[in-house]
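Q: Sharing a structure here in structure tokens format.
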Amino acid sequence: MKNKIGLIGILLITLLACETETPLSVSAENFSEENISNCNNAKCPEITVNYVLVEGEQSISEKINNELKTFIIASLQIGEKETNAQTIEEAAENFIKTYKMHSAEFPDMAAEYFSEINVSDIFKNNQLLSFQLKQYKFTGGAHGYGTTHFVNFDPATGEKLSIKDMFSDFDAFKKVAEKKFREAHKISENENINSTGFWFEDDTFYLPETVGFTNKEVLFHYNQYDIASYAEGPIELAIPIKDIQQFLAISVK
């Protein structure tokens, strides 16, 4: 009998421990060219990286942090050749090395290279962890180029969530999104979606590759060239959560 009671006690403690796992937390981090020793006594391009580090259950936080780190490393890449950098510092060193190589080859370059990257958490509860990923880079030419994306994770597993993972009725949500988009850009439901100059392929509305969440809105961001010319700038849209709550497969509160 005592053995049974002891076993039950152990099981209860184990279950309680599982239920009270350390929740994920997010801390702010930063990196710049000043963190690289070779830049202490030499001129380097400006690099500003503001990002977040997820802490908590290691198997979960590592998945999320690796995904965020991959974005930062890719944002520091110059050219299409795949980078071999494994850390933010290595990626920054490659950026600086390429800049110095280009400046030596073209000493009359009119402007300095620079890179600015911002990774921030914009929503967190026990069902969703949403991040905004922004980068702007200038590596010569008429202008620089920036992008904004979102990435969403299941905090219980660290797995990345697709747009469709987060909606119980994706098609219905998409119809609401198109209606809101048309209203924002004064395109009637009877007009072609491209009637005001947008570039939607096949004249058919579609969502951007990623969407983000706050506790009040679902956020859309079409980057330059996605659906319009560079001169039009990014195209953004925010829809109140209350307007699409019924189509969500997760709680956003």
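Q: What number comes out for accessible area per residue over segment 150-214 if the probe is 1.4 Å? Units Å², please.
A: 56 Å²
Q: Moving on to the next point. Longer than 21 Å from Cα to Cα, which of LYS81/LYS137; LYS69/LYS160; LYS97/LYS134 are they? Say none if no pair is.
A: LYS97/LYS134
Q: Divide the volume of the convex hull of the Cα atoms of the chain by its number of residues and quote the answer in cubic angstrom per residue.
A: It comes to 173 Å³ per residue, whole-number rounded.
Q: Who wins for biggest fluctuation among ASN40, ASN50, ASN125 in a Gaussian network model of the chain, springs between alpha carbons below 10 Å?
A: ASN40
Q: Under 20 Å Cα to Cα from LYS242, which lysines show up? Leave out anything in the same chain fewer than 8 places away.
A: Output for LYS242: LYS124, LYS164, LYS174, LYS175, LYS179, LYS180, LYS216, LYS253.
Q: Another question, if that's okay. For the chain, modelled as a Gaussian network with Cα springs under 10 Å, which listed residue fluctuates most, ALA42, ALA91, ALA104?
A: ALA42
Q: Next question. Do any GluC sites (Glu not before Pro) in segment 22-76 lie in a DSSP loop with no more than 10 other beta carbon atoms within 10 Å, and if so, which? The partial results should precede the final answer.
A: Details: sites: GLU29, GLU33, GLU34, GLU46, GLU55, GLU57, GLU62, GLU67; in loops: GLU57.
Answer in residue order: no site qualifies.
Q: Would you please state the base-10 log of I(q)/I(0) at q = 0.11, 0.16 1/Å for segment 140-253, with intensities from the Debye formula using one equal scatterer on every alpha carbon?
A: Here the Debye-derived log intensity ratios amount to -0.40, -0.81.
Q: Return the FRET efficiency for the residue pair HIS185, GLU80: r is the Cβ-Cβ distance, R0 is 35 Å, and the value is rounded to the nearest 0.05.
A: E(calc), rounded to 0.05, equals 0.60.
Q: Further question on the same structure: Hey, what do the phi angles of segment 187-198 turn into as Karplus ³J(HN,Hα) couplings, whole Hz, using 6.51/-1.76/1.60 and θ = phi - 60°, x for Gly and Pro?
A: Calculated HN-Hα couplings, in order: 10, 5, 5, 8, 8, 4, 4, 9, 5, 9, x, 6 Hz.
The values are calculated or read from the model by the stated rules, or taken from the named source; none is laboratory data. Being a predicted model, the structure only gives us computed values, none of them experimental. Here Cβ is always computed from backbone atoms with ideal geometry, including for glycine, and neighbour counts include all displayed protein chains. When the accessible area is computed, the model is the full protein with side chains, heavy atoms only, and any ligands, DNA or RNA have been set aside. Shrake-Rupley method; radii C 1.70, N 1.55, O 1.52, S 1.80 Å.
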